[in-house]
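Remarks on the structure that follows.
The values are calculated or read from the model by the stated rules, or taken from the named source; none is laboratory data. On a predicted model such as this, the values are computed, not experimentally measured, just so you know. Note: ideal-geometry Cβ built from the backbone for every residue, glycine included; neighbour counts use all protein chains shown.
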Amino acid sequence: MRLASLGMPQLPTLLTAPAPGWVETTDVVVVGSGVAGLTAALHLRAAGLHVTVVTKVNIDDGSTRWAQGGIAAVLDPLDTPAAHAADTEVAGVGLCDPAAVRVLVQEGPGQLRELIRTGARFDRNPDGSLMLGREGGHHADRIVHAGGDATGAEVQRALHAAVTRDPWIRLVEHALVLDLLTDAAGRACGVTLHVLGEGAEDGVGAVLGRAVVLATGGMGQVFAATTNPVVSTGDGVALALRAGAAVTDLEFVQFHPTALVVGGATGLAQQPLVSEALRGEGAYLVDGDGKRFMVGQHELAELAPRDVVAKGIHRVLLATGADHVYLDARHLGGDFLAARFPTIVASCLAAGIDPGTELIPVSPAAHYASGGVRTDLHGRTSLPGLYACGEVACTGVHGANRLASNSLLEGLVFARRIADDIARDLPPRNEPAPVGAWRGGAGWVVDAAVRPRLARAMSRGVGVLRSAETLRGAGTALTELGATRGTPRTASWEATNLLTVACAVAGAAYARQETRGCHWREDHPVALDEWRGHLVGAITDGILGHTWEGLA
């Protein structure tokens, strides 16, 4: 199959940075402190390994604590792993890896119970059993929540507490990972990083280890409207690409249908999420005239898979010229909403909206990357010694669209698998001799000032609705922005990561000439059998390219 190629700028294979002024050594370096990173760290410690966790700001500043939904797992005797797998694969529109899905649904309940033993407290019925809810795309009640809509915060709290109790888990906060270190055989053996306040003003150092686990989360900040926190700048995907690792399915960016539109405008650094669990309890979507528009578009109406709902909303916005629709939860009552959805109610009240008496303005926003660094069933990437899990990874579970509440579950399951694999296959303990990315001053970075223009170009051209015309416009903008040069500092490193990820997403979206899952091409509006496969991206000599792997 001939792939359409979108003109792209030259990309760096190394970030400009001073040579490391300090070096630490550990057994395993884990980059990221959300559910995937901390779970991996705990299991690695249980295997007797020393672990250093590198996190970009504070341990709790990633995406995990913002998860309002829950964790999907088969706990009801009337539910089955096969049913959970079927719902996952329907949402994935033919691109899920069945073996990865089986791993997720079969091992998920056990990993959820392990999380409970770690100290996570989930909502329970009066008889003490776990309270199970339902969210979009699920045909059974299999979602556990904590604090109503604060599941992520509780998961983060429990894992944070467990990690800080272990003196052999070294936590390095306020550390932006820069590039991967490899030894003479090409095996990952650490990372360079910038730590604020560490030694000299630039604070660049290195952590060496016998394996590296990427758990850096998402890349939502590549768009102008996102539910992701400001730290989600695609650092792990960009690092992997610069190191020569393969990525896949990056065109499948899930836009959450219902992000809160504050003050009638988007463009915030992070838009508050209005969880689909609210729709699961009976809230429904209406247009400016108060008419429900999802009824008749899908059998599950407002509880259809997220891409279906996002497209439904976007069609209304295109037809009316409005910048938002409304979620109507007034019939649920203010007391119920405050008890069941305290986080959402607080966000609404902060914006001057009382959801018990007023409509909630919402619109789609970039929410979750279904693709990422390509891994196998044990979290191994295409580079020896480099692993990835959580949103930064593409395990094959999500296909063309992630099923609701499978993300925290994926982090739990595959982090455990990574720890088991590392414990089985870790090289002997010796002092690694890194060669890749060790020399300071090589590579380049873009000017930090490109970031707002990059995000606007991506939202306009590579957002919910895409076409060859909009994607070419984005490609032109990215090429212009890629021609700038900046000085090495945190803002320019992040901007360069965003440029790298933006090019990978836009290039894959241009190459895939069909509509599938959360990838919607206005000029190719149907899913085609010939496109049932994966686009695998990699950087060679600074040039980003994609190859095609069809599925039988």
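A few points about this structure:
- Contact annotation: residue pairs with Cβ atoms under 6 Å, 6 or more positions apart or on different chains, pairing a residue in the stretch 135-162 that is in the same structural domain as residue 117 (by TED's automatic domain parsing) and at positive phi with a partner that is surrounded by 20 or more Cβ atoms within 10 Å (Cβ to Cβ) and not in a helix (DSSP H, G or I), are 137/305; 137/403; 137/404; 148/341.
- Conditions (1) of a type in the set (A, V, I, L, M, F, W, C); (2) crowded, with 20+ Cβ neighbours inside 10 Å; (3) free of Cβ contacts under 8 Å to residues at least 60 places away in the same chain; number of the one not met by residue 73: (3)
- Taken over the stretch 142-167, the criterion of being acidic (Asp, Glu) and more than 24 Å from the chain's Cα centre (by Cα) is satisfied by 166 alone.
- Count - residues of the stretch 497-519 that are closer than 20 Å to residue 221 by Cα, in contact with a Lys or Arg (Cβ under 6 Å, 6 or more places away or on another chain) and part of a loop (DSSP other than H, G, I, E, B): 0
- Counting the residues of the stretch 450-490 that are of a type in the set (Lys, Arg) and in contact with a Ser or Thr (Cβ under 7 Å, 6 or more places away or on another chain) gives 1.
- So residue 83, is it over 21 Å from the mean Cα position of the chain (by Cα), assigned by TED's automatic domain parsing to the domain that holds residue 413 and of a type in the set (Gly, Ala, Ser): yes
- Within the stretch 315-372, being more than 28 Å from the chain's Cα centre (by Cα), under 15 Å from residue 291 (Cα atoms) and hydroxyl-bearing (Ser, Thr, Tyr) holds for one residue alone: 320.
- Filter result (crowded, with 24+ Cβ neighbours inside 10 Å and either touching a helix residue (DSSP H, G or I) at 6+ places or on another chain (Cβ under 7 Å) or more than 20 Å from residue 417 (Cβ to Cβ) (or both)) within the stretch 211-224: 211, 213, 214, 215, 216, 217, 218, 219, 220, 221, 222, 223
- Boolean, residue 5 is part of a loop (DSSP other than H, G, I, E, B) and either within 30 Å of residue 147 (Cβ to Cβ) or free of Cβ contacts under 8 Å to residues at least 24 places away in the same chain (or both): no
- Taken over the stretch 85-101, the residue count meeting the criterion of being in contact with a strand residue (DSSP E or B) (Cβ under 9 Å, 6 or more places away or on another chain) and either free of Cβ contacts under 8 Å to residues at least 12 places away in the same chain or over 20 Å from residue 279 (Cα atoms) (or both) is 3.
- Residue within the stretch 388-411 that is in contact (Cβ under 8 Å) with a residue 60 or more places away in the chain, surrounded by fewer than 18 Cβ atoms within 10 Å (Cβ to Cβ), aliphatic (A, V, I, L, M) and part of a loop (DSSP other than H, G, I, E, B) present: no
- Filter result for residue 307 (crowded, with 19+ Cβ neighbours inside 10 Å, acidic (Asp, Glu) and touching a residue at least 24 places away in the same chain (Cβ under 8 Å)): yes
- Residues that are touching a Lys or Arg at 6+ places or on another chain (Cβ under 8 Å) and over 22 Å from residue 92 (Cα atoms) within the stretch 222-259 comprise 224, 231, 235, 245, listed in sequence order.
- Any chance residue 127 is farther than 23 Å from residue 392 by Cα and either touching a Gly at 6+ places or on another chain (Cβ under 7 Å) or free of Cβ contacts under 8 Å to residues at least 24 places away in the same chain (or both): yes
- Matching residues in the stretch 333-351 - criterion: being of a type in the set (Val, Ile, Thr) and either assigned by TED's automatic domain parsing to the domain that holds residue 151 or free of Cβ contacts under 8 Å to residues at least 40 places away in the same chain (or both): 345
- Residues being surrounded by fewer than 16 Cβ atoms within 10 Å (Cβ to Cβ) and closer than 22 Å to residue 187 by Cα - total across the stretch 1-23: 3
- Applying the set (1) of a type in the set (D, E, K, R); (2) under 23 Å from the mean Cα position of the chain (by Cα); (3) assigned to a loop (DSSP other than H, G, I, E, B) to residue 494 leaves exactly one unmet item: (3).
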